[in-house]
Amino acid sequence: MPEEPDHPGETFADRLDWLFRTTADPTGKPYSVRHVAAELTRRGCRISHTHLNNLRQGRAPDPRRSVVEAIATFFGRPPSFFTGRPVDRELPDDDLIHLLADPYLRQVARRLVDARLSPEGHAVVVAVIEQVRRLEAAAGNRRGAATPVARS
């Protein structure tokens, strides 16, 4: 069997197909399109195995963002895997030290380390953070944007 290329390809379909070919289920076998579609649906992203296969084969247009996020989470990848654009920039060590001075960020970082999550678990945490960010942005409750309430 020839080795799989390190590069997943340029298009959404190429990258999705690469994930199916290179990611094994817990028994060591490749995931089936039916299994992935059923699992995505179970997790709240309704998608048929036919549509997922069409995405994989490049016979359907690239999906909406929520589907991309669900597929990425399933395979333990960030959504940016499908675009080739990094979501997170690499931070110099000095920036990381500064960020970890924030007790809230330090608490989250420690919990992530202590939890020893799988790549899929980390992807779920990132997806939850993104969802909370979107909800707060929609509600206008971003940190620093809220007006403090005067106490009497």
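The values are calculated or read from the model by the stated rules, or taken from the named source; none is laboratory data. In this text, all values refer to a predicted model and were calculated from it rather than measured experimentally. Note that each Cβ is placed from the backbone with ideal geometry, even for glycine, and that neighbours are counted across all protein chains shown. To get the accessible areas, we keep the full protein, side chains included, count just its heavy atoms, and leave off ligands, DNA and RNA. Shrake-Rupley method; radii C 1.70, N 1.55, O 1.52, S 1.80 Å.
Some points to look at:
- Modelled FRET efficiency - R0 22 Å, Thr22 with Gln57, Cβ distances, 0.05 increments: 0.85
- Each peptide among 107-115, 60-68 gets the average number of other Cβ atoms lying within 10 Å of its residues, and from highest to lowest they stand as 60-68, 107-115.
- One decimal place: the segment Lys29-Arg46 gains 3.7 nm when fully extended, by the rule 0.36 nm per residue minus the C-alpha distance.
- Hull volume in cubic angstrom per residue (convex hull over the Cα atoms of segment 1-63): 97
- Accessible area per residue (1.4 Å probe, heavy atoms of protein chains only) ranks Thr73, Thr83 as Thr83, Thr73, with the largest value leading.
- Accessible area, probe 1.4 Å, largest first, for residues Glu136, Glu10, Glu39: Glu10, Glu136, Glu39
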